[in-house]
Every structure is written in structure tokens, then in C-alpha cells.
Amino acid sequence: MNKLHNQDPLHGITLKEIVTLLVEKYGWPKLASKITIKCFSNDPSISSSLKFLRKTPWAREKVEQLYIETEWSVKQDNPYKKSTLG
């Protein structure tokens with residue numbers, strides 16, 4: 001059987017999971033310094049960030065790219081890295 005593998009590194013992970021994991025890894029201040037958008041620096045929350053990112057493609061692309069480029073330890077709850085291990 002020939003199985004096609006999805007080449008999208010974000011396949012199966014939601015934007016909410018991405019933002020949550022990045023906040024857990026970096027915290028809001030460092031995340032705001034890495035990606036300069038107000039929803040990360042002014043009274044940040046997952047909810048407000050998701051609203052902004054869903055309406056703003058360029059910002060969402062930056063968040064997704066940071067997620068892909070971030071080095072994740074095996075201990076961290078990261079669905080993307082778990083799926084690539086096995």
C-alpha cells in the first residue's frame with residue numbers, strides 16, 4: 001500500500017494549540033518581542049490573540065512560522081513533535 005503523507009507541519013494542530021504552546025514556552029513578554037503585535041503585549045490572552053490572528057493572515061503566518069521553527073523538548077506537550085517522532 002502506498003500511503004500519502006501530509007507534508008504540512010501544522011496538519012492536525014489548531015491555532016489555539018499553537019498559541020497556547022508558544023505562550024507556555026516563551027511567556028507573553030518574550031512572545032511579544034519575537035512577534036511584535038499588540039495582542040501579545042497589551043493585556044494579552046489566548047482568546048484575544050485568537051480573534052486577532054484569525055482576522056489577520058500576516059500575523060497568523062508569523063505565529064505559525066515561529067511555532068515551526070521553535071525547538072521543542074520531548075517532555076513538552078507538543079502534538080507536532082510527537083507526530084514526527086514515530
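Worth pointing out:
- Test for Phe40: is it touching a Cys at 6+ places or on another chain (Cβ under 9 Å) and of a type in the set (Phe, Trp, Tyr): no
- Within the stretch 14-30, considering residues that are hydrophobic (A, V, I, L, M, F, W, C), touching a residue at least 24 places away in the same chain (Cβ under 8 Å) and closer than 13 Å to Leu53 by Cβ, the one surrounded by the fewest Cβ atoms within 10 Å (Cβ to Cβ): Leu15
- Comparison of Lys82, Lys51, Lys3, Lys30 shows that the only residue that is in a helix (DSSP H, G or I), of a type in the set (D, E, K, R) and modelled with pLDDT under 95 is Lys82.
- Ile13 of a type in the set (A, V, I, L, M, F, W, C) and in a helix (DSSP H, G or I): no
- Qualifying residue in the stretch 63-73 (condition: in contact with a Lys or Arg (Cβ under 9 Å, 6 or more places away or on another chain) and either closer than 16 Å to Thr14 by Cβ or at pLDDT 95 or above (or both)): yes
The values are calculated or read from the model by the stated rules, or taken from the named source; none is laboratory data. What you are looking at is a predicted structure, and each value in this text was computed from that prediction instead of being measured. Here the Cβ is made from the backbone with ideal geometry for all residues, glycine too, and neighbour counts use every protein chain on show.
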